[in-house]
Amino acid sequence: MMPVPVCASVQRPPASEQIPVASEPEVELPADVWFIIMRHLSPFDLVKLSQTCRTLHEYSQLHHVWHNALLKHRFLLKSYPHLRTAPTDVIRRQLITTARIDKAYSQGSLKPIKSYSFPIDVPGQLLGLRFLPGGEWLVMLFHSRMLNPARHSNICLFKPPLASNPLDPTSTSVTLQSEWCWLSFSSHDGPYKSSRGDDLMLLRTFVKNKRTFAVCHLDTKTPSLKITYMFHTTDFIRSYSAADDYIAYGWITDDRKHMLRVMKLSEDYTTLIKDITVEIDCPPGHDGKLRIHYDLRLSGRTPRVLLISTRLMAAYDISDMTLTSESLPLRIQPVWKRMPTEISFGRILQVFHEGAIVTLYEGKIRFVYPEIDDTKPNSETTIIYRFPHSGPQSSKWPACFESQRIFWLLRLPGPLPAAVSSLPLIETATLPSPQGEGCDVERVLIDHEDLTLTSGCSVCFTSIVQDWDELSGRLCMRHGKSKFPHDHSWRQLGWHITIMDMV
């Protein structure tokens, strides 16, 4: 893009002939013209433009300028719908942070600007560790018979030690001893933002043929943890999804009907203001043992549920669903449907919230973008990711996270304990855009320090890419170290957490 001149270049006369002039240029473009120009500028260009003169600085501080930039972003508003109602400074800071991350990904090597490590002493079994959106807080789920003799779960909300302010008297950790034994986090579990910007988390368990879900409110201001709502079902749930104020799950009845329950939480998350069960229309063959995924698409014109399997992708409108009677739920038809041109979409590796579906088919990773709100019916974009270098098969099974970033954790081959001192390599890439830009970009190697310096473990034989937070540009890794020299079982591990700030 050509640079936009703020003022025309004028040849000045000698100093003796100069006359006093106003601090602002005599001839200015109307404000509406500048607002039209700003619509076509990137976040970096908006910052540079704001530094040229006082008038443009005032223009660049207006809310609608940054809100328009947010609407144009390829994934931020879809992955984090709470930004739609966020203040101007929050939107501005987030757009600049994501632009810096994208710029760092354009380099061949991504070096963290800061990394710090700390041990976590879990007196039991660690079941999950996730960032809260924003990267300042972590939530940990674990079982401990010492802290909870009934072997129920413990939920801990805490700030990383070096991220805490020593002058802040507020407590930086809180633990909830739950009355239930919750299951470990799956790939699509973890904290998410509600429509009001609060942090929520969906917990699940299975006891005596009854499946139980709970909504946990993670309050970082107090801080406090509170389970605000629970519900139970005896149905065999095929899949579930939670986003914004919605929760959805589906099951198959004995007469092969595909049922879907959609719930919407109230403002205080203690009750439901919407609870609807419907039958969704699926082609033959999708009501059996095929693995099903759900994704809530809430950033479009109408809220929808996306059903995903290896042989079908279909979207269903959930905005105006009603029950015709208590015994006969409404049967809804898909508003968007796509079936693979080949035998299958491939094995589903990850469903990015409101983004691409990542599949593995014939040794290639594919990104499928359902164009649900496109004017063309049943349209989608498929991009095949090209691996620039040949590598072990395990390198093609990434650890995928939200916000369009994918991470591979590579390790030198060799069985334990021969590979105990091997250094894991982290490779990462950004999801290519639906327009096909970036599909040939090579994977980026994260240039981090030696593991013994970064994690604090003198002997470390397992490393896990734990979580990624797009809002702050932070990567969390978990390193395991055996508490005993000759015992490498998971129950005898001590854990160190390493947090890397990429921008």
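All told, VAL65 meets the bar of being more than 22 Å from LEU475 (Cα to Cα) and among the β-branched types (Val, Ile, Thr). If you go through region 244-252 one residue at a time, do you hit one that is touching a residue at least 60 places away in the same chain (Cβ under 8 Å) and farther than 25 Å from LEU298 by Cβ? No, region 244-252 contains no residue that is touching a residue at least 60 places away in the same chain (Cβ under 8 Å) and farther than 25 Å from LEU298 by Cβ. Here THR270 does not qualify as in a strand (DSSP E or B), in the same structural domain as ASP295 (by the TED database), open to solvent by 10 Å² or more (accessible area, probe 1.4 Å) and touching a residue at least 24 places away in the same chain (Cβ under 8 Å). Scanning region 186-198 for residues that are part of a loop (DSSP other than H, G, I, E, B) and either more than 20 Å from VAL122 (Cα to Cα) or in contact (Cβ under 8 Å) with a residue 24 or more places away in the chain (or both) turns up SER187, HIS188, ASP189, GLY190, PRO191, SER194, SER195, ARG196, GLY197, ASP198. Just one of the listed residues (PRO112, PRO133) is within 19 Å of THR220 (Cβ to Cβ), modelled with pLDDT of 85 or more and assigned to a loop (DSSP other than H, G, I, E, B), namely PRO133.
Conditions (1) at pLDDT 90 or above; (2) assigned by the TED database to the domain that holds LEU127; (3) over 17 Å from LEU129 (Cα atoms); (4) assigned to a strand (DSSP E or B), marked per residue:
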| site | (1), (2), (3), (4) |
| --- | --- |
| LEU200 | yes, yes, no, yes |
| ARG204 | yes, yes, no, yes |
| THR212 | yes, yes, yes, yes |
| THR222 | no, yes, yes, no |
| ILE227 | yes, yes, yes, yes |
| ASP235 | yes, yes, yes, no |
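Here are LEU183, LEU218: which of them is open to solvent by 60 Å² or more (accessible area, probe 1.4 Å), within 23 Å of PRO123 (Cα to Cα) and under 23 Å from the mean Cα position of the chain (by Cα)? When all the criteria are applied, what remains is LEU183.
Name the single residue that is farthest from ASP275 (Cα to Cα) among those in region 203-256 being among the aliphatic types (A, V, I, L, M) and touching a Gly at 6+ places or on another chain (Cβ under 9 Å). Result: ILE252.
Per this entry, VAL262 is not counted among residues that are buried (at least 20 other Cβ atoms within 10 Å of the Cβ) and modelled with pLDDT of 95 or more. If you filter region 51-77 down to residues that are closer than 26 Å to ALA356 by Cβ and outside any helix (DSSP H, G or I), you find that the one that is most open to solvent (accessible area, probe 1.4 Å) is ARG74.
When region 230-249 is filtered for residues that are surrounded by 13 or more Cβ atoms within 10 Å (Cβ to Cβ), in contact with a Ser or Thr (Cβ under 6 Å, 6 or more places away or on another chain) and not charged (D, E, K, R), only ALA248 remains.
Table: residues versus (1) at pLDDT below 80; (2) under 27 Å from the mean Cα position of the chain (by Cα); (3) of a type in the set (Ser, Thr, Tyr); (4) under 18 Å from HIS258 (Cβ atoms).
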site	(1), (2), (3), (4)
GLN333	no, no, no, yes
GLU342	yes, no, no, no
ARG347	no, yes, no, no
ILE365	yes, yes, no, no
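Scanning region 116-128 for residues that are over 21 Å from the mean Cα position of the chain (by Cα) and either part of a loop (DSSP other than H, G, I, E, B) or surrounded by 18 or more Cβ atoms within 10 Å (Cβ to Cβ) (or both) yields a count of 6.
The values are calculated or read from the model by the stated rules, or taken from the named source; none is laboratory data. Small disclaimer: the values here were computed from a predicted structure and weren't measured. Ideal geometry is used to build each Cβ from the backbone, glycine not excepted, and the neighbour counts take in all protein chains shown. Accessible surface is based on the protein model in full, side chains and every heavy atom, while ligands, DNA and RNA are left aside. Shrake-Rupley method; radii C 1.70, N 1.55, O 1.52, S 1.80 Å.
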